[in-house]
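J.: After the structure tokens below, expect a handful of questions from me.
Please treat every number below as a calculation from the coordinates, not as lab data. Quantities reported herein were computed from a predicted structural model and do not represent experimental measurements. Glycine gets a Cβ as well: all are built from the backbone with ideal geometry, and neighbour counts include every protein chain shown.
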Amino acid sequence: APSICANIGDLYTQEIRLPEAAAWYRRALILNDSLKLGEERDNTVYMGLGRVYQMLEEYDLSEEYYAKSRKGFEYMQPNMKLAFLNNYGNLQYFKKDYANALRVFQKMDSLINEFDCQGGFEDYLCRLNMADVLLNLGRTEESLTLLAPADSFFRANNIGDAIYYANTIRIGNLLQEGDM
């Protein structure tokens, strides 16, 4: 039941129906607690709440929930570890803490290699995010190096949002180099 509640929260988050998402995540926490399932079951629910507050631009609350989620990082399945690092790296990016965002995405990249997930969606999403962070750090050559394979992957798989994101990073790099 708690997992079902958390999954419903995830669906509402994807639909950007954030009050409903938060309510379902909180139901999952209540059920975990009342069924005495252990705190390690709460970690991904806290991650969901962190994402909700991040989307609401309530970065302090988001940070608080991600901190609770991070306590159980070792209990997470590999896919959830990657999701956590992607979401947490995005929080650091939105807070304009680019140096910390880069460290988080580098850790994600390290786990992608450890879990032998190179060449998959998470790998190229991580590269795309790192390319944006490097752009914001003024490291355009490194940014473009990471951007090229990620862009190719997303174009080959026709993932429109990622193609748009890649285009904005490319434009940002050109502007930073003074190429109008």
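J.: Quick one: what are the phi-derived ³J(HN,Hα) couplings along region 62-76, Karplus 6.51/-1.76/1.60 with θ = phi - 60°, whole Hz, x for glycine and proline?
T.: After applying 6.51 cos²θ - 1.76 cosθ + 1.60, I find 4, 4, 4, 6, 5, 4, 5, 5, 4, 4, x, 3, 5, 8, 6 Hz.
J.: Roughly how big is the chain's charge dipole about its Cα centre, with Cβ charges of +1 (Lys, Arg) and -1 (Asp, Glu), in debye to the nearest 20?
T.: It comes to approximately 320 debye.
J.: A further question follows. For the chain, what is the largest minus smallest coordinate of the Cα atoms on each principal axis, given in angstrom and ordered from greatest to least?
T.: For the chain, the Cα spread along each principal axis is 59, 33, 30 Å.
J.: How compact is region 1-94 by the rule of thumb for globular proteins, expressed as Cα Rg over 2.2 N^0.38 Å? Working shown, then result.
T.: Values: Rg = 12.1 Å, N = 94, 2.2 N^0.38 = 12.4 Å.
Taking the Cα Rg and dividing by 2.2 N^0.38 Å, one obtains 0.98.
J.: Provide the gained length on full extension for the span Ser3 to Ala148, in nm with one decimal, where the gain is 0.36 nm per separating residue minus the Cα-Cα distance.
T.: 48.4 nm
J.: Tell me, in nm to one decimal, what length is gained between Lys71 and Tyr59 on full extension, where the rule is 0.36 nm per residue of separation less the Cα-Cα distance?
T.: Taking Lys71 through Tyr59 to full extension adds about 2.5 nm, to one decimal.
J.: Still on this structure: Given the pairs Lys68/Lys95; Lys71/Lys96; Lys36/Lys96, which span a C-alpha to C-alpha distance of over 29 angstrom in this model?
T.: Table pairs above 29 Å Cα-Cα are Lys36/Lys96.
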